[in-house]
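Input: a single structure, listed below in structure tokens.
Read-outs: derived from the displayed coordinates by stated rules, not from any lab. This is a predicted model, so every value here is computed, not measured. So basically every Cβ, Gly included, is an ideal-geometry build from the backbone, and we count neighbours across all protein chains shown.
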Amino acid sequence: RVVGGYTVDAVIEWRGAMVWVEMDGDVHYLNGGRVSDKATSLKRRQLLRLGAPLLLTVPWWEWNELLRGSDLAERQCDYLARSLDELCLWSMQSFEDDCALN
């Protein structure tokens, strides 16, 4: 999906919420480390400003850790389900906190 000139890796519906997913390989991080480069950081901010309902970023080192051993597909599915659940829970709590302030 293309949004505001940016390509989003996946757009999925999870438990009734729309989620934009970015699978960020090592080229999105400084020296292949764990700090996002400027272009990636800008893209994330812009996607949120362009109306990303929820944005899940999957960093390369977490995804690569799943490549070790057997049951790859099952571990990848578990990882994504857990990450999506955490994101949606965070979003609901944030929304409830915002409502409580108003």
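Points to keep in mind about this one:
- Fully extended contour minus Cα-Cα distance, from Gln76 to Arg49, at 0.36 nm per residue: 6.8 nm
- For Val3, nonlocal amide neighbours, meaning residues 5 or more places apart or on other chains whose placed amide H falls under 5 Å from its own, are Val8.
- Treating r as the C-beta distance of Ile12 and Leu42 and R0 as 30 Å, the FRET efficiency rounds to 0.80.
- Less than 5 angstrom separates the built amide H of Met23 from those of Asp9, Val58, all sequence-distant by 5 or more or on a different chain.
- Placed amide H near Asp37: partners under 5 Å, 5+ positions off or other chain: Tyr29, Leu30
- Multiplying the residue separation of Trp60 and Ser91 by 0.36 nm and removing their Cα-Cα distance gives an extension gain of 8.8 nm.
- If you wrap the chain in the convex hull of its Cα atoms and look at it from every side, the mean projected area works out to 7.7 nm².
- In percent, rounded to a whole number, the relative contact order of segment 1-100 is 24, using alpha-carbon pairs under 8 Å and six or more apart.
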